[in-house]
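This report concerns only the one structure given below.
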Amino acid sequence: MNILSVDIGTTLIKCALVGTDGFTLITSGEYSTRTEGKISEQDAHAWWTTVVKCIKELLAMNPKATVEAICVGSQGITFVPVDRKGEPLCSAITWIDGRAETQVLQIQDKLAQERIFSITGKHCLPCYTLPKLLWLKENANSIYKQAYRFLFPADYLNYRMTGCFMTDYTMASGSMLFDVNRKCWSEELAELFDIDIGKFPDVKKFGSKVGVLCGEAARELKLPQGIPVFLGGQDQKLAAIGAGIGAETATVSLGTATAVCTLALNPVKKCSVFAFDGVSPFYECVLDTSGATIRWLCNLLGFESYAQMDALAEQTQSSGGVFFDPNFVSGGKIENLNLGTQRGHLVCALYKSIAEAVADMIPDAVREIVLFGGGAKSAPLCKAVAQALKKPVFVSDTVETAVLGGAILASDGKIKAAGRKRIYA
């Protein structure tokens with residue numbers, strides 16, 4: 001069995017052939033983002049052309065491979081307005097885009113934050129789709145009116161492959177227009193803010209069949225027509241599936257940001273709630289700049305590599321009383337420095353602070369944690385997480401958990417979650 005799994009990241013697209021015995025091949029390709037002030041946009045056509053290029057390279061590497069199913073996952077929140085033929089009407093507005101700050105205030109003036117959260121599981125922020133749609137109505141109303149559908153990146157690719165407009169619960173949950181309890185577009189919010197929810201695709205559980213690979217797409221991809229295409233989801237949720245999330249297993253993505261994901265009730269006030277598999281709610285808490293702060297400190301202290309930084313942390317094994325707040329979005333800080341403070345103390349203090357932040361996001365019902373992402377390569381950081389949690393901590397044996405998650409869905413569970421090694425208990 002070979003599943004063709006696609007992950008549309010914020011800057012990088014990955015395509016993989018995944019079988020029941022694991023990865024056979026993987027390719028990747030970059031595409032650009034236009035950033036100007038608070039504006040951040042992408043060309044939806046570039047998603048498709050990059051995917052076509054990657055898939056062709058993948059198949060050229062193994063011309064005898066037979067693709068039995070396709071699944072696409074992607075960055076969430078980013079969306080593009082398209083016409084009836086699925087043609088983009090403008091550039092896609094990315095999740096990073098911050099142009100809708102005024103519209104956030106307009107939303108908050110009409111509806112209490114508590115009510116917004118009770119419906120959508122989201123705190124009102126400019127990154128979400130609803131405020132950006134209000135911005136579009138006010139500043140580019142002709143595009144809003146012409147739009148036949150608003151599509152997330154995975155939805156756009158699924159349309160290009162099958163001609164069907166469809167999204168899943170995890171993607172829809174990022175819009176701040178989706179009722180995560182009733183698992184449908186919110187008529188209350190649509191009416192209050194005069195949004196036509198008919199402009200959004202049908203919503204189904206991930207793993208549902210979208211359609212089959214149609215003629216034009218099959219010709220471009222050099223694949224046979226009729227291959228079934230299955231619904232993926234938002235990349236962080238697929239990554240959690242690939243890493244083995246479960247009722248008592250939380251996953252922690254240690255990347256530029258740290259994302260703590262759990263299916264167990266999470267009382268953390270800043271967590272977001274997503275509809276997930278139609279049964280379990282999905283809780284996600286994010287420490288925005290953890291990995292970015294590690295990179296900053298690595299450069300600041302003149303380390304030649306993260307490995308060198310880790311080696312010093314292993315040697316020092318103490319923060320020396322230093323406190324490090326890694327939240328550089330709202331203003332990080334370092335406290336309790338003294339004349340005896342050394343570089344190793346700063347590294348250990350940063351790892352300890354990230355670990356304690358992760359521990360604060362994990363509910364008591366969780367019995368074990370699986371780490372993945374670039375930060376999971378750091379043994380001292382993983383050990384610090386385990387010490388803060390006092391629970392078994394494992395590391396996924398692959399960093400490509402998002403494409404693996406998509407393959408699991410498209411294989412109806414025949415492909416299994418990543419293996420793992422125990423770091424600390």
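The values are calculated or read from the model by the stated rules, or taken from the named source; none is laboratory data. Everything numeric in this text was worked out from a predicted model, so none of it was measured. Heads up, the Cβs are rebuilt from the backbone with ideal geometry, glycines too, and the neighbour counts pull from every protein chain shown. We work out accessible area using only protein heavy atoms, side chains counted, and drop any ligands, DNA or RNA first. Shrake-Rupley method; radii C 1.70, N 1.55, O 1.52, S 1.80 Å.
Helix 153-162 and the long axis of the chain differ in direction by around 40°, with both axes built from C-alpha atoms. Note on segment 371-425: Cα-only Rg and Dmax are 12.9, 37 Å. Sorting V286, V347 on solvent-accessible area from highest to lowest, probe radius 1.4 Å, gives V286, V347.
Select from segment 24-98 those trypsin sites (Lys or Arg not before Pro) which occupy a DSSP coil region and have at most 15 other Cβ atoms within 10 Å, ordered by residue number. Write out the running numbers ahead of the final one.
Values: sites: R34, K38, K53, K56, K64, R84, K85; in loops: K38, K64, R84, K85.
Answer by residue number: K38, K64, R84, K85.
For segment 244-310, compute Rg over Rh where Rg is the Cα radius of gyration and Rh is the Kirkwood radius from the inverse mean 1/r over Cα pairs. Don't skip to the answer; put the middle values down first.
Working: Rg = 15.5 Å, Rh = 13.6 Å.
Looking at segment 244-310, the ratio lands at 1.14.
Over every Cα atom in segment 8-59, the radius of gyration and the widest Cα-Cα span, Dmax, amount to 13.5, 46 Å. Antiparallel versus total DSSP beta bridges in the chain: what percent is that, nearest 5? Of all bridge pairs located within the chain, approximately 70 percent are antiparallel. Across the protein chains, with a 1.4 Å probe defining accessible surface, the residues S411, S28, S280 rank S28, S280, S411 from largest area downward. Taking M1, M361 and ordering them by how much accessible surface each has at a 1.4 Å probe, largest first, produces M1, M361.
For F178, the residues 5 or more places off, or on other chains, whose built amide H falls under 5 Å of its own are S186. Provide, in order from the shortest bin, the percent of all Cα-Cα pairs of segment 40-88 in each 10 Å bin, continuing until the bin that contains the maximum pair distance. Cα pair-distance distribution for segment 40-88, in percent: 19, 43, 27, 11, 0.
For segment 21-29, the Karplus equation 6.51 cos²θ - 1.76 cosθ + 1.60, evaluated at θ = phi - 60°, returns couplings of 9, x, 5, 9, 8, 8, 10, 8, x Hz by residue, with Gly and Pro reported as x.
The modelled label-to-label distance between S32 and D325, using points 7 Å beyond Cα along the C-beta direction, is 3.9 nm. Largest GNM mean-square fluctuation among G207, G242, G22, using the chain with Cα springs under 10 Å: G22. Note: segment 1-100, Cα convex hull, 105 Å³ per residue. Relative to the 2.2 N^0.38 Å rule of thumb, segment 145-208 has a C-alpha radius of gyration ratio of 1.09. Give the accessible area for D277 in Å² (nearest 10); use a 1.4 Å probe, count only protein heavy atoms, and leave out ligands, DNA and RNA. For D277, solvent-accessible area is about 40 Å².
Note down the relative contact order for segment 275-425 as a percent, whole number, built from C-alpha pairs under 8 angstrom at least six residues apart. Present the calculation step by step, with values, prior to reporting the outcome.
Working: 196 pairs, mean separation 27.6, N = 151.
Relative contact order comes out at 18 percent.
Counting only residues at least eight positions apart within a chain, or on another chain, the aspartates and glutamates with an alpha carbon under 14 Å from that of K333 are D325. In plain terms, the bigger the Kirkwood radius, the slower the diffusion; for segment 197-305, with that radius from Cα pairs, at 10 °C and 1.306 mPa s, Stokes-Einstein puts D at 93 µm²/s. With a Förster radius of 35 Å applied to the C-beta separation of A292 and Q146, the computed FRET efficiency comes to 0.40. Checked against a 27 Å cut-off, the cross-linked pairs K64/K414; K110/K183; K205/K377 give Cα-Cα distances beyond that limit for K205/K377. Alpha-carbon geometry of the chain: the Rg and the Dmax are 21.7, 70 Å, given in that order.
Taking amide H atoms as placed 1.01 Å from N in the peptide plane, the amide H of L151 lies under 5 Å from those of V80, V82, each 5 or more residues away in sequence or on another chain. Remark on segment 301-347: hydrodynamic radius 11.5 angstrom, per the Kirkwood mean of 1/r across alpha carbon pairs. For segment 114-190, the percent of C-alpha pairs falling in each 5 Å distance bin, counted from 0 to the bin holding the largest distance, reads 3, 15, 22, 23, 21, 12, 3, 0. Taking the chain, the Cys residues with no second Cys beta-carbon under 4.7 angstrom are C71, C90, C124, C127, C164, C184, C214, C261, C298, C348, C382. The residues of the chain expose, per residue, 42 Å² of accessible area to a 1.4 Å probe.
Roughly how many debye, to the nearest 20, is the charge dipole of the chain about its Cα centre, given +1 on each Lys and Arg Cβ, -1 on each Asp and Glu Cβ, and no other charges? Intermediate values should be presented prior to the final figure.
Values: 42 positive and 43 negative charges, 119 e Å.
Roughly 560 debye, rounded to the nearest 20.
Averaging the sequence gap over all C-alpha pairs within less than 8 Å and six or more residues apart, then dividing by the number of residues, gives segment 338-425 a relative contact order of 29 percent.
Let me have the relative contact order for the chain, percent, based on Cα pairs under 8 Å that are six or more residues apart. Let's see the in-between values first.
Numbers: 965 pairs, mean separation 66.0, N = 425.
The value is 16 percent.
How would you order 338-344, 233-239 from highest to lowest mean count of nearby Cβ atoms within 10 Å? Don't skip to the end; give the middle numbers.
Working: 338-344: 12.3, 233-239: 29.4.
Put in order of decreasing packing, that is 233-239, 338-344.
Mean projected area of the convex hull spanned by the Cα atoms of segment 97-141, taken over all viewing directions: 2.9 nm². Taken along its principal axes, the alpha carbon cloud of segment 289-425 reaches lengths of 59, 34, 31 Å, longest axis first. Heavy-atom accessible area for M61, with the other protein chains in place and a 1.4 Å probe, reaches approximately 100 Å².
Relative protection proxy for 370-378, 295-303, from highest mean packing down: 370-378, 295-303 (other beta-carbon atoms within 10 angstrom).
Could you tell me how many degrees, from 0 to 90 and to the nearest 10, lie between the Cα long axis of helix 379-389 and the main elongation axis, the longest principal axis, of the Cα atoms of the chain? Once rounded, the angle reads 90 degrees. Overall, the ratio between the Cα radius of gyration of segment 171-248 and 2.2 N^0.38 Å, rounded to two decimals, is 1.42.
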